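Working notes, structure below.
The values are calculated or read from the model by the stated rules, or taken from the named source; none is laboratory data. Just so we're clear, the structure is a prediction, and the values are computed from it rather than from any experiment. Note: ideal-geometry Cβ built from the backbone for every residue, glycine included; neighbour counts use all protein chains shown.
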Amino acid sequence: MSSCPFHQPFFPPPLKNKASLFFTFFKKRRSWLDGLYERSYSMKMGRVKMPGLDLHVVNQPELIHRVMVEEVKAFPKNQLLEHLLEPLLGESIFTTNGEQWKKQREMLNPSFEMTRISHVFGLMNDAVKELRVRLNGQGKEHHLDIDPEMTYVTADIIFRTILSSRLDRHAAIQIIEAFVMFQEETARTAMRTMFKIPRWLWFLSGERKRIKAGNLVRDVLADIIRPRYDAVTSHTMGEEKDILASLLLVVDADTGARFSFEEILDQVAMLFLAGHETSASALTWSMYLLALYPEIQERAYQEVMSIVGEGEFDPFHIKQMALITNIFKETLRLYPPVGFFARESKDETTMRDKTIVKGASVVVAPWLIHRHPDFWDNPNGFDPDRFNDPSSMHKDTYLPFGMGPRICIGASFAMQEAVLILATIIRDFTITLEDNFVPDVVGRLTVRSANGMHIVLTQREGR
Ligand code: HEM
């Protein structure tokens, strides 16, 4: 295994003991990762009980499998999540349950078949080529926070592949800022809800800002979708081959109905959120890890040069770049963008002899499971080569894209885009960290670095 003797990938040091309720509220208000304690990482199952909240965290593979795969109907998505995301996503596939979710999934599936993913490669690559121009235009040695670049390129890719639309820098900044605000306030709203802070007090704080931010993102998307939706109803649809086109045309197999305008807006808002925020988070963490491990970076450079050389990337190259794929997989293990999945128990049940009352929250947290010493050697170390032999891995303990019927619909899309972006950057630059930079790892809607990711990109010889 390659290792870096001086830097271990940073994560918030766990507390020695369980914190008091008061302490937990203030700590977790900023980031739920700050409220974890040592045993959280090694337990099979744990419980947080306080007035109004009964929450069970499951780390044991059999229990994970039960919640995510075998008994999905008994553990639907938590209503709190739906309520939290509603101002932005409406009733989208990410939060719905039961028949409503099933219909939405059936109607979205065709847009994400493998063949379609390769169809959008050209659109993805156009956005990545522009990223390359932007990064190369900054001289031989460029000091920057790479996180906004990763956010911009992934948002740009989503706009091009879903809407065939270009995201100009001004609109991008507007919606990205609105989205950051939405995330920050949503984390606070979650804590207010859990700790039963009266609703009238919420509006004295950030709740109004949160709703406004959600509306801003939806308005930008609505302006793009409206003319295309109207074109379908008036039979004047254009030639676009993007994901919106398949959403506009897809028909419910039972009723023959199409998605309504509001339904399409909900789904597109969700695809925009799920499709760029998660990928941006993981790509920023990949940059961090590559900077910490120069010899792995060098091997990745050799891989790109041997497979692609100086030529253009195509979808077949992506499939061949095994090391870069493993680097991204290992990043998703150490910094899973969706750090926990919140479900609830539909009826009373038992787990490890414990009674789980009806309505209790049940949480499966990749953040904890991916660092559990029972399932991983060197759990906090960066070792992409561990993915060379998937059979050596514990079943049901690697789930950055979820598991079972609700598994991420965009996983192949995300892998293709990530390998393309990483290979593009690695071919042109060496990546190092700014002196003494340590990321401030926070858990919000996704796992991010609150102080950005300050790196130095140095152009390779001959560029
Ligand atoms: C590295 C990038 C990504 C990660 C880590 C990720 C992770 C996840 C996870 C963990 C879930 C399941 C959550 C749960 O069970 O509670 C999920 C669901 C979903 N993701 Fe992703 N995702 C990524 C990229 C994408 C992209 C690029 C798209 C679309 C363009 C997308 C669309 C969705 C959708 C629609 C769902 C809901 C599926 C359902 O409930 O049926 N994701 N994602």
**OP:** Identify, by number, the condition in (1) at pLDDT below 95; (2) surrounded by 22 or more Cβ atoms within 10 Å (Cβ to Cβ) that Ala342 doesn't meet.
**Re:** (2)
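Does Val362 satisfy the condition of being under 25 Å from the mean Cα position of the chain (by Cα), buried (at least 21 other Cβ atoms within 10 Å of the Cβ) and in a strand (DSSP E or B)?
Working: under 25 Å from the mean Cα position of the chain (by Cα): yes; buried (at least 21 other Cβ atoms within 10 Å of the Cβ): yes; in a strand (DSSP E or B): yes.
Spelling it out, Val362 is indeed under 25 Å from the mean Cα position of the chain (by Cα), buried (at least 21 other Cβ atoms within 10 Å of the Cβ) and in a strand (DSSP E or B).
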**OP:** Look at segment 253-291 and say how many of its residues are basic (Lys, Arg) and in contact with a Gly (Cβ under 9 Å, 6 or more places away or on another chain).
**Re:** 0
Subject >> Counted residues, segment 230-272 - those being closer than 27 Å to Thr95 by Cα and polar (S, T, N, Q) >> reply: 4
**OP:** Find the residue count for segment 74-87, including only residues that are within 14 Å of the ligand (Cβ to nearest atom) and either aromatic (Phe, Trp, Tyr) or not in a strand (DSSP E or B) (or both).
**Re:** 9
**OP:** Return only the number of the condition from (1) within 24 Å of Ser92 (Cα to Cα); (2) touching a His at 6+ places or on another chain (Cβ under 7 Å); (3) within 12 Å of the ligand (Cβ to nearest atom) that Arg333 does not satisfy.
**Re:** (1)
**OP:** Say whether the condition of being basic (Lys, Arg) and either within 14 Å of the ligand (Cβ to nearest atom) or surrounded by 20 or more Cβ atoms within 10 Å (Cβ to Cβ) (or both) is met by at least one residue in segment 128-135.
**Re:** no
Original post:
Does segment 437-450 include one or more residues that are of a type in the set (Asp, Glu) and farther than 27 Å from Ala187 by Cβ?
Top reply: no
Original post:
Among the residues of segment 40-65, which ones are within 14 Å of the ligand (Cβ to nearest atom) and more than 20 Å from the chain's Cα centre (by Cα)?
Top reply: Val58, His65
**OP:** Test Val357 against the criterion of being more than 14 Å from the ligand (Cβ to nearest atom) and under 24 Å from Thr96 (Cα atoms), and give yes or no.
**Re:** yes
Original post:
Just wondering, is there one or more residues in segment 100-113 that are of a type in the set (Gly, Ala, Ser), in a helix (DSSP H, G or I), within 14 Å of the ligand (Cβ to nearest atom) and farther than 30 Å from Ile431 by Cα?
Top reply: yes
Subject >> segment 270-299: number of residues that are touching a Pro at 6+ places or on another chain (Cβ under 9 Å) and among the small types (Gly, Ala, Ser) >> reply: 4
Original post:
Could you list, in sequence order, the residues of segment 230-250 that are away from the ligand (no atom under 16 Å from the Cβ), touching a residue at least 24 places away in the same chain (Cβ under 8 Å) and of a type in the set (A, V, I, L, M)?
Top reply: Val232
**OP:** Go through segment 221-307 and tell me which helices (runs of 4 or more DSSP H), entirely inside it, have 1 or more residues that are buried (at least 18 other Cβ atoms within 10 Å of the Cβ) and modelled with pLDDT of 95 or more.
**Re:** 261-292, 294-307
